[in-house]
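First comes the structure, then the notes that go with it.
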Amino acid sequence: MKLFKKILIANRGEIAIRVIRSAREMGIRTVAVYSKPDAEALHVLMADESYYLGEQELSDTYLNVDKIIDIAKQSGSDAIHPGYGFLAENPDIVNACEKEGIAFIGPSLRAIQLMGNKVESRAFVTKLGTPMTKGAVGTHQELIDAAKNIPLPILVKAAAGGGGKGMRIVNDLNDLEETIIATSREAKAYFGDEEVFIEQYILEPRHIEIQIIGDKHGNVVHLYERECSIQRRYQKIIEESPSPTLDQATREKMGAAAVAISQAIDYDNAGTIEFLVDKDLNFYFLEMNTRVQVEHPVTEMVTGIDIVREQILVAAGNKLGFTQEEISQTGHAIEARIYAEDPENDFRPAPGDIIYYEEPEGVGVRVDSGIDRATTIHSFFDPMVSKLICYADNREDAIAKLDVALQEFIVHGIKNNIPYLIEMLRHKAFTVNEISTNFCDERTDEILDAIQKSKNGAEIEHLAAAYLIHDMNSRQVQKTSVWNKIGYWRIAMEIALNMDEKEFKVKVNKVENNIYDMEINGMKIIAEHKYQEENYIELNINNKPYSLFISVDEHGVNHLSFKGNLYEFSRADHLVNTDFYISEADAAGSDSIKSPMPGKVIKLNVKAGDKVSKGDSLIVVEAMKMENSLTVHRDATIEEVKVSEGDMVDNSQVLIALVEEEEL
C-alpha cells in the first residue's frame, strides 16, 4: 500500500481536524496552516506542525495558493488535502501542485474545471442522457430573453457556485434583471467568476445526492445516497442516509447515473453528484461537487467506509479496496449542523464569544467540530460551529437519539440554531417525511412558535430556584466573612431575580443539609442540592429531578440550558452592564444605522443628502459568507455615510447617520 509521509491541510476548523484524525490513524504526519484569528485553534494544536499564513483577509491566507504551496515545500509535505470550501475546487492549486510535484488529494484538473462550472457540466451531462431541468446561459440580456420560455419560478445560479452560495429564486420576471445582477456580484465575490445562468425551479423538490469515489485505475463506485432536503438560505442543516424518500428502484437508477457521469470524466477521488427529485420520483441532475462534502459522516456511518482515508489512499495511487457489490447501507444516520445564527431573525449569522461549550456523548453519537472549548466565532468565516451525527437501527430511533443529543449540546454566549433543530425534528411533517427543500421557508413560523411554547411549558420558578442555588454555591465565602459568623445559610433572606423582563421575588427561608426551603413569587419550593460543578448542577425540586448547565457572561447574565432551551437569569442585586441591550423602541427612534455584526461593507446604496423611506436598503454588509441588507427603520435624510465599500466594520459600529428632514 502506497502512503504519503506528510500531508498539508489547506483548510481550517472541523474538516481540518477530520483529515488530521484519518491521517494520524494511517501513520501520516500532518501540517496545519492558520491565519491570525486561528492562532490557537484546535486544528493548529492537533497537527504535527503548523505555519502562519497572515492576518485575516481570506485572499491573503486560506485562499492564497502561493503561500500554501510555499509552506508545503518548506515543510516537506508530499501531498495537500484541501478539505471543502476555500481551495477545494480551485484549478489554480491543482496546477501549482502538479508543477511542484506535490500530490493533490482530490480529482483531476479536468474534472474540477468541467464539473466546477455549472454551465459546462450541464452541457456535458446532457450528452450522457441524464435528465436535466430546462435552463439557459448567456449574457444578462440573453438570460432575460430566454426566461420568457422557462416556466416560473426560475432559479438564478452562479456558474462556479456551490455550498448554497450564488442562488436566488425569481417568482416574477420583473425582478429577474435585478436578481441576475445581485447573483452575479455575489458570484464574483465568492468564486471569482461572475457568470450566472438560469434554470427552471422544481416545486417542492427533494435534494438527494449520491456519494461516489473513484481511483486512478478506472474504478468508480457509489456509496449510496444522502437526503439533504432540509435547508435554509439554500444551505443544508439536516442530512440523512438512507433517504426516506427513495424506493430501491430509484436509488439504483440514481446510483448508476452518478457512476456513469463519474466514469465519463475519469473521476479519481471522492465527489458527490447532486440531484433534484420531484414528487413522482423523477430525478434531475443538479451539479457535481468535486470534493468531500460537509455531510460525508452520515455516509460513513451507514457504510462503515472512512471516506477521507479512501481519498488519501486513491490520491497516493492505490486501487479502491472494495467493489460496488461489497458496499451496503446498514441502519440509519442523521446529521444536524450547529450554526451560529438567529432563526428568529431570518437565520442571520450571529458571531461572537462562546462562553461555555459542551458536546454530547453516547453510543452512536458523533461530533465533528472545529472547537472543543469556549472560543470566538468570527464573522469572516462560515457560521457553522459543529456537526452532530447520530446512528441507530432505523430512522425513528436515529431521530430520537439526535433529539436527546441536541438537548445535551450546550452552546452559551451566542445565538444558535439548537432549539430550532430540536423542534424541527419533532415536527410531524418531518417525522412522517412530508418534506421538501421549502420546508424551512414554509414551517419556520410554526417551529419558532413551538420553541416558545416549549420554553413557556417549563416551570420557570423551578429553573429560577436551580439558578439561584447554583449561583449561591458558586460564590466563595471566606472563613473570615461576616456571613459565616452569623450563619449565612440559616437566615431568612429575600433576593430579586430577573428573566426576560420578568421579576422573581425569592424568599430563602431555610437551608440545611443541602435542602433549600424557598418561596418564589409565592410558590413553595423544596429543593435538594445533589451535585454541582462549575457549569452544571443536579437537583430535586418539589420531587422532580433537574439536570442543568449554567454559565455566566461578562455582563453578569447567567445562561441556563434545560431540555434544549436557553434561559437567561440575572440577580437584581448584582451590577449588570446593559448597554448592549437595545429595544425595538430604541431602534425605532435611533438616528443611525449600526452594523448588527462584524463584517465587510460590500455595497453602499446611498450618499449624504439622500432622502430615504422606511424599508429602503441603505447598505449591504457581508458576514459569515452571507450578504445582509440593512434597511432604514423610518423616513429620514442621510446626514453622513461613515464607511466606504470594502471597509471592515465591528458589531454595533455606526455606519450611517440619519437626520429628520425638518432638522436640515
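The values are calculated or read from the model by the stated rules, or taken from the named source; none is laboratory data. None of the values given here were measured: they were computed from a predicted structure. Quick reminder, even Gly has a Cβ in these numbers, built from the backbone with ideal geometry, and neighbours come from all protein chains shown.
One line per residue, one yes/no per condition, for (1) over 20 Å from Ile377 (Cα atoms); (2) touching a residue at least 40 places away in the same chain (Cβ under 8 Å):
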residue: Arg29; (1), (2): yes, no
residue: Ser35; (1), (2): no, no
residue: Glu55; (1), (2): no, no
residue: Lys67; (1), (2): yes, no
residue: Pro91; (1), (2): yes, no
residue: Ala103; (1), (2): yes, yes
residue: Pro107; (1), (2): yes, yes
residue: Gln113; (1), (2): yes, no
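Looking only at segment 58-73, which residues are surrounded by 15 or more Cβ atoms within 10 Å (Cβ to Cβ) and not hydrophobic (A, V, I, L, M, F, W, C)? Thr61, Tyr62, Asn64, Lys67 - these are the residues of segment 58-73 that are surrounded by 15 or more Cβ atoms within 10 Å (Cβ to Cβ) and not hydrophobic (A, V, I, L, M, F, W, C). In the set (1) surrounded by fewer than 22 Cβ atoms within 10 Å (Cβ to Cβ); (2) touching a helix residue (DSSP H, G or I) at 6+ places or on another chain (Cβ under 8 Å), the condition left unmet by Lys36 is number (2). Scanning segment 29-84 for residues that are within 27 Å of the chain's Cα centre (by Cα) and part of a loop (DSSP other than H, G, I, E, B) yields a count of 14. Which one of these is farther than 15 Å from Lys236 by Cβ and buried (at least 20 other Cβ atoms within 10 Å of the Cβ): Val302, Val259? It is Val302.
Right, Leu42: within 21 Å of Val314 (Cβ to Cβ) and not polar (S, T, N, Q) or not? Give the steps one after another, and end with the answer.
Numbers: within 21 Å of Val314 (Cβ to Cβ): no; not polar (S, T, N, Q): yes.
Here the answer is no, as Leu42 does not meet what is asked.
For segment 262-290, the tally of residues that are in contact (Cβ under 8 Å) with a residue 40 or more places away in the chain, in a loop (DSSP other than H, G, I, E, B) and either under 17 Å from Val125 (Cα atoms) or aliphatic (A, V, I, L, M) (or both) stands at 5. Pairing each residue of segment 300-311 that is free of Cβ contacts under 8 Å to residues at least 60 places away in the same chain with any residue that is buried (at least 19 other Cβ atoms within 10 Å of the Cβ) and of a type in the set (A, V, I, L, M, F, W, C), provided the two are 6+ apart or on different chains, yields C-beta distances under 6 Å for Glu300/Ile307.
Residue-by-condition table, conditions (1) assigned to a strand (DSSP E or B); (2) crowded, with 24+ Cβ neighbours inside 10 Å; (3) at pLDDT below 95:
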| residue | (1), (2), (3) |
| --- | --- |
| Phe197 | yes, no, yes |
| Ile212 | yes, no, no |
| Lys216 | no, no, no |
| Glu239 | yes, yes, no |
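Look at (1) buried (at least 18 other Cβ atoms within 10 Å of the Cβ); (2) at pLDDT 95 or above; (3) closer than 30 Å to Phe504 by Cα and you find that Leu448 fails only one, number (1).
Restricting Glu186, Glu204, Glu178 to those that are modelled with pLDDT under 95, out of contact with any Phe, Trp or Tyr (no Cβ under 8 Å at 6 or more places or on another chain), in a loop (DSSP other than H, G, I, E, B) and within 30 Å of Asn149 (Cα to Cα) reduces the list to Glu204. Within segment 561-572, the set of residues being within 15 Å of Met472 (Cα to Cα) and under 24 Å from the mean Cα position of the chain (by Cα) is empty.
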